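Take a look at the structure below.
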Amino acid sequence: QVQLVESGGGSVQAGRSLRLSCSVSRQIDRFTLLGWDRQAPGKKRDMVARIETNGRTSYDDSVKGRFTISTLGLDTVSLLMTNLRPEDTAIYYCHADHPLYGTFWGRGTQVTVDG
């Protein structure tokens, strides 16, 4: 069983930054894709950022130029969020996609941005 644990969420003023971290219980090079999604109150879960094993990244248009996804060491996926906006308020979920065993999710971390 793969476990993912997010950390780094909190409440900040608009314009400030936060870094989210996701600790994965298996070496991340075993997964084809790592990413962050978010779910705002009353809305569906949406993609925020992805990183593939070759290092290629992709972002939702709403966060391009403000958020950066990266891997740290063998077991951590990071999401650096700068110039935060109130509309970024959501629960942020980390996930890891395995080619055989499917997608594993963390339990999420709350990010609240006050305008």
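The values are calculated or read from the model by the stated rules, or taken from the named source; none is laboratory data. Everything numeric in this text was worked out from a predicted model, so none of it was measured. When we count neighbours, we look across all protein chains shown, and the Cβ atoms used for this are built from the backbone with ideal geometry, even at glycine. These area figures cover heavy atoms from the full protein model, side chains too; ligands, DNA and RNA do not enter into them. Shrake-Rupley method; radii C 1.70, N 1.55, O 1.52, S 1.80 Å.
Couple of notes before you dig in:
- Index of the failed condition, Val5 passing every other in (1) hydrophobic (A, V, I, L, M, F, W, C); (2) under 14 Å from Ala96 (Cβ atoms); (3) open to solvent by less than 40 Å² (accessible area, probe 1.4 Å): (3)
- Condition met for Ser21 (assigned to a loop (DSSP other than H, G, I, E, B) and either in contact with a Gly (Cβ under 8 Å, 6 or more places away or on another chain) or open to solvent by less than 60 Å² (accessible area, probe 1.4 Å) (or both)): no
- Qualifying residue in the range 30-53 (condition: in a loop (DSSP other than H, G, I, E, B), at pLDDT 95 or above, acidic (Asp, Glu) and over 17 Å from Leu4 (Cβ atoms)): no
- The range 70-105, residues that are outside any loop (DSSP other than H, G, I, E, B) and surrounded by fewer than 14 Cβ atoms within 10 Å (Cβ to Cβ): Leu72, Pro86, Glu87, Gly102, Thr103
- Taking every residue in the range 54-67 that is closer than 14 Å to Asp37 by Cα and hydroxyl-bearing (Ser, Thr, Tyr) and pairing it with any residue that is open to solvent by 60 Å² or more (accessible area, probe 1.4 Å) and not in a strand (DSSP E or B), at least 6 positions away or on another chain, the pairs with Cβ-Cβ distances below 9 Å are Tyr59/Gly65; Ser62/Arg85; Ser62/Glu87.
- Within the range 34-44, the set of residues being crowded, with 16+ Cβ neighbours inside 10 Å and either of a type in the set (D, E, K, R) or closer than 17 Å to Leu18 by Cα (or both) comprises Gly35, Trp36, Asp37, Arg38.
- Only listed residue being farther than 21 Å from Gln110 by Cα, crowded, with 16+ Cβ neighbours inside 10 Å and not basic (Lys, Arg), chosen from Phe31, Phe67: Phe31
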